[in-house]
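Structure first, commentary second.
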Amino acid sequence: MREQQVSFHREQTGATRPHLPYRADIDGLRAIAILSVLAFHALPSSVGGGFVGVDIFFVISGYLISRIILSELAQGTFSFTTFYARRARRLFPSLATVAAATWAAGYYLLLPTDFASLGRHLLAGAGFASNFLTFSEVGYFDAPAATKPLLHLWSLGVEEQFYIIFPAVVFLAARFRTGIAIAIVGFFAASFLLNVGTIHQHASFAFYLPLTRLWEFLIGSVLAYGEIHGMKWRLLSMSEQRPTLRELGAGAGLLMLVASIVFVRQATFPGWWAILPALGAALLIGTGPDTWVGKALSNRVFVFIGLISYPLYLWHWSLIVMGKMFMRGEHPNTVTLVAIPLAFVLAWLSYRYIERPIRASRPKAQRRWLTIGCASCLAVVALLGAVTARDGLVVRYPEQIRNIVHLNQTHGEDYPLIPGLGAATNDKGPLVVVWGDSHAQHLLPGLRKLQDERTFRLLQLVWWDQCPPVGMIPDWDRCPYPGPVAMAQLKTLSPDVVILAANWLHYGNRVEKINATLSFLREIGVRKIVLMGPVPWFPRPPRITLYEAYLADPLRPLPDRLSGFDEPHFAVESELKEIAARFGVIYISPRSILCNDQGCLARLGNSAKDIVQVDGNHFAAGGSEYFVRHIAPLLFGE
C-alpha cells in the first residue's frame, strides 16, 4: 500500500526527490482540514471548524513548501522560475475552472450589483489578492458573506503571498550561516505579536492580511527546517527511539484540533486561539506517520479526501452560495446538504481530469508550455472579472428592466459626507442635528437636497450600527461613539431641531430609555424634537422583487408598491407614539407616508435612481429626498 501511494503521488505531482518522501498522513491531515471546513457550513454545532480548517491548511502548506525550498537551497538547485512554474501548474487549473464556472452561473443568477462584485472577486482571485479585497469591503454596508461565491479565495491569497515572501527571504538569508533559522524565528515572532496585538481593535486586519497570518505557515517552516538540516526531530524527542512520547504528542495534537473546533469563535480568531489548531497540526506533522494517529490519517479514505482537498475547497463555497441564489434564499440547509456532495463529485473530476494530467511528469519543454497555458487561462479569468466589475454586464437585460436593475445604487454614492458647519453651503440658518444609527443617516441625502430650497445648517451625530440615539447607555461598547459623548456635543451646539432615528426594534427594551434622551434635549433647550418611526422593512431589496415581478410576467407593468414587508418592525410604533405624546414632541411615521392598502412605495419612476430603498430597510437617495420633502413642513413648523 505504501509503495502504491508513493508511486501514485509521484505520478500526480512529478515528484522525484528521494530525500522528500511522500507522507500519506499529510494528505490525511488535509482531509481533517477540509472536513472541518465543510462541517462548519453543514453543521451549526461546528462552531470553529471553518477557521480551524484554514489554519491547518496554512501549517501544512508552510511545511511542504518550506521542505521543497530549503532542500533545494541546501543542494544549490533552487530556482525561482522553477518554483513558481510548479505553483502555477498546481494552483491555476482548478482555480480557473471553478472561477469560470462561477462566473457562468452568475451571468444567469446575479443582478448587476452582485455580478459586479463577483467580477471584482474574480479579478482579485486571479491575482491572489482576494484577502485584500475582502478586507477593504468589511463594513456595516458590505454585502453579507452568503452573497459572495468567491469569498473563500481570501485564504488562497494569503497562501500565495507566503509563497512570494518566504522564498525571497530564505534565499537572501541563506548567504549567512544561521541566516535561515534567524529569519524564520524572527518573522514568526513579529507576525505572531502583530496578530495578538491587533485582534481586539482590528479583528479584520488580523484575520485577512498576510502579516498577521504568516506565523501559521512558519510553524510548518520550523518543522521543515529541522528535517532538512538533519536534526531528525520528532518534536517531542530528538531520537526516534522514544515512541511513547511521539504517541502522546500525536494524541495531544489531535485533542488540540478537536478542542479548537469546539471552542474557537470568529470574533477572537486568529489571536491567541489560533495557537491551538496550529500547534495541534504541527504536533501531528512532527510526530510522523508511524503513530496511531498517523496511521489512522494514512487510511485510504482520508488520503483520497486529502488529495482532492484543494479543488474541494474551491468548489464547496461557490456551490453553496450559487445554490442559495438559485433557490432565492429558500431551504438554505437543504441547499448546503446538496452542494457538499456535489462538491465532492466536481472535486474528484477536477482532480482526475484536470490536475493529475497537468501535474504528471513530463519533459521540460512540455512543462514550460503547460505553465504558459495555465497562466493564460487564469489571465482570461482576470479579464472576465475586469469586464464584469465595470457595471455587472447590465446589457444582459431587456431595455425595459435595465434601469431598474442597474447598479448605480450603492450606499457610498447615496450617502455622501455632509460639509462641516461653517462651510459655504452649511453656514446659515437654524441648526438641524440628526442623531442615530444608519436609519438616521439615510435621511441625510434628502436633507442636503432640502438645503437647496431652505436655509438651515445640518449636522449628523453618529450613524454606526448599534449606536442608538440614547445617551444613558454608557456600557454600549459596540458603539464607537457612545451616547454621553454625543450628549456633550449637543450641549455645546445648542441645536434648533434634533431628529432622533434608529432601527428601534434592534435595541429591544432600550426604546424606553428614549425618555431620558428626550428629557435631556428638553433641558438643554432644543426648540423642536422629532422622533422618527420605523421605515418599511423588506426581506430583500425592492429592486430584486421588482425584477422577479418582471420575470413572472414581462408584459405586465412593474408595480409601484410592494407588499410582503416585515410587520414586526412596525410593532414598535405604538410605543414610540405614546412616548412622543407624553413629551409633546413630533412623531413622524414613515409608514403613513410611504404605505397604503396596496403596499409600500417601492419606486418613484422608471430609472434606478427612482428606487425608494437601496436595500431592505434603508432609503436610497431618491427615496430619502421624496420622504424629506413630505416631512419638511413638520420640521420647520409650517
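Just a few scattered comments:
- Of the criteria (1) surrounded by fewer than 19 Cβ atoms within 10 Å (Cβ to Cβ); (2) touching a residue at least 60 places away in the same chain (Cβ under 8 Å), which one Cys600 fails: (1)
- Odd one out for Tyr507, checked against (1) modelled with pLDDT of 90 or more; (2) in a helix (DSSP H, G or I); (3) in contact with a Pro (Cβ under 6 Å, 6 or more places away or on another chain): (1)
- Residues (outside any helix (DSSP H, G or I) and either among the hydroxyl-bearing types (Ser, Thr, Tyr) or more than 30 Å from Pro495 (Cα to Cα) (or both)) located in the range 516-552: Trp537, Phe538, Pro539, Arg540, Pro541
- Residue check, Ala382 touching a helix residue (DSSP H, G or I) at 6+ places or on another chain (Cβ under 8 Å) and in a helix (DSSP H, G or I): yes
- Residue within the range 130-147 that is over 30 Å from Asp615 (Cα atoms), in contact with a Leu (Cβ under 7 Å, 6 or more places away or on another chain) and assigned by TED's automatic domain parsing to the domain that holds Ser117 present: no
- Of all residues in the range 233-255, those being at pLDDT 60 or above and among the hydroxyl-bearing types (Ser, Thr, Tyr) number 1.
- Boolean, Phe83 is in the same structural domain as Ile320 (by TED's automatic domain parsing) and at positive phi: no
- Qualifying residue in the range 426-437 (condition: outside the structural domain of Ala99 (by TED's automatic domain parsing), modelled with pLDDT under 90, closer than 18 Å to Asp615 by Cα and surrounded by 18 or more Cβ atoms within 10 Å (Cβ to Cβ)): yes
- Test: Leu209 is in the same structural domain as Thr268 (by TED's automatic domain parsing), modelled with pLDDT under 95 and under 25 Å from the mean Cα position of the chain (by Cα): yes
- Conditions (1) out of contact with any Gly (no Cβ under 6 Å at 6 or more places or on another chain); (2) assigned to a helix (DSSP H, G or I); number of the one not met by Gly306: (1)
- Top-ranked residue in the range 387-399 [being in contact (Cβ under 8 Å) with a residue 60 or more places away in the chain and surrounded by fewer than 16 Cβ atoms within 10 Å (Cβ to Cβ); ranked as farthest from the chain's Cα centre (by Cα)]: Pro398
The values are calculated or read from the model by the stated rules, or taken from the named source; none is laboratory data. All values derive from a computational prediction rather than experimental measurement. So basically every Cβ, Gly included, is an ideal-geometry build from the backbone, and we count neighbours across all protein chains shown.
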